[in-house]
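The values are calculated or read from the model by the stated rules, or taken from the named source; none is laboratory data. As the structure is a prediction and not an experimental result, all values here were calculated from the model. Methodologically, a virtual Cβ is constructed for each residue, glycine included, from the backbone with ideal geometry; neighbour enumeration extends over all protein chains shown. Quick note on the areas: whole protein, heavy atoms, side chains included, nothing else; ligands and nucleic acids left out. Shrake-Rupley method; radii C 1.70, N 1.55, O 1.52, S 1.80 Å.
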Amino acid sequence: ATTTTMTKGHRRPTANRIRTTLFAGLLLSQTAVVAAFQSQAPPLPSLCQNIHHHHPSLTSQTRLGAKKKTAGGGGGFGSSGGFGGANKKKSSSKAVVLDPSKVRSVSGYTGSGTKVLATAANNFDRIRKLFGKTATTDVYVRSPLNDETVFWFVGKVVRMITDEEAEADVNSNWRPDATTENELVGTVYPTEVEAIVSQKRLILEYAKNQLRPQNMAGPYSSALELWSAPGDSEMDTVQNKITLVKVDGSTKDLRDGFHVKDVGYNPEIYIGDEKEKGGLRVVRDLEGRPVKPEFDIGS
């Protein structure tokens, strides 16, 4: 049996400190990206591996920067041509234009996801400060063409919630007199699904190009799925106490009154050995249910 160790007494860098190195931390060469893609994912002898002290933390922020585009067309966050970039192909079909007020997406040029991801993270900070974990949802990615049983933690989304929902959370920072910050940009309060679907492209591009390209990019990218769990439930998920829920739907399902400024995304960031071995992931069946009994870490 594998023993999971949690290290106490360590604090993750604050959001401000991380943002001071935001645009330098991910300036990787094209060679490094190719090497990462060609490497094999580590085996999973147990339900999950590499559970570190920083995963329950909510201070992880974007360490991102547009990567240098090389003559070969690669480099950057996208599978080729930047975060969200791609080699342009001639096509007779018309390009689909996404409504920027509803969808947080990336364009096709090198580094185009940098500003979008930073905006999403800033929105996350603002809304999270107001409403806490009641407004938060954990997000996982499943790559069935690579391994249909492994679900990778890729970050958190947050959404504006009603006063009633906020009042129900004793840990919320919401105050009834904070009218300016509490005001919706749209005319409807986002659902959990809308908070994820509206940022789906951004989340998947980041996950497959910055977290686990060897498990999600290239031949695996066409079948990626998003799954959700309650906010800040990483430890319970690791201990097989949480069933993950598949996120279905598309941007066409977003309601007329929805506005993307009412949601945010806080991406997972790999540090240390996680950059090579991968970070938090769990094993579930095809319905997102734990395949082994519940347990308590340290017991």
Condition (residue is at pLDDT 95 or above and open to solvent by 80 Å² or more (accessible area, probe 1.4 Å)) applied to the stretch 103-112: is it met by at least one residue?
no
Anything in the stretch 229-247 that is in contact (Cβ under 8 Å) with a residue 40 or more places away in the chain, charged (D, E, K, R) and open to solvent by 10 Å² or more (accessible area, probe 1.4 Å)? List them, or say none.
232, 241, 246
Being at pLDDT below 95, of a type outside the set (A, V, I, L, M) and under 14 Å from residue 195 (Cα atoms) narrows it down to one of 249, 264, 298, 257, so name that one.
249
Please specify each residue of the stretch 193-217 satisfying the condition of being surrounded by fewer than 21 Cβ atoms within 10 Å (Cβ to Cβ) and touching a Ser or Thr at 6+ places or on another chain (Cβ under 7 Å).
201, 214
Quick one: how many residues across the stretch 273-299 are in contact (Cβ under 8 Å) with a residue 24 or more places away in the chain, in a loop (DSSP other than H, G, I, E, B) and not acidic (Asp, Glu)?
12
Hits in the stretch 252-278 (condition: within 18 Å of residue 137 (Cα to Cα) and either surrounded by fewer than 15 Cβ atoms within 10 Å (Cβ to Cβ) or within 18 Å of the chain's Cα centre (by Cα) (or both)):
260, 261, 262, 263, 264, 265, 266, 267, 268, 269
When residues of the stretch 131-151 are filtered for being more than 14 Å from residue 286 (Cα to Cα), among the hydrophobic types (A, V, I, L, M, F, W, C) and modelled with pLDDT of 95 or more, how many remain?
2
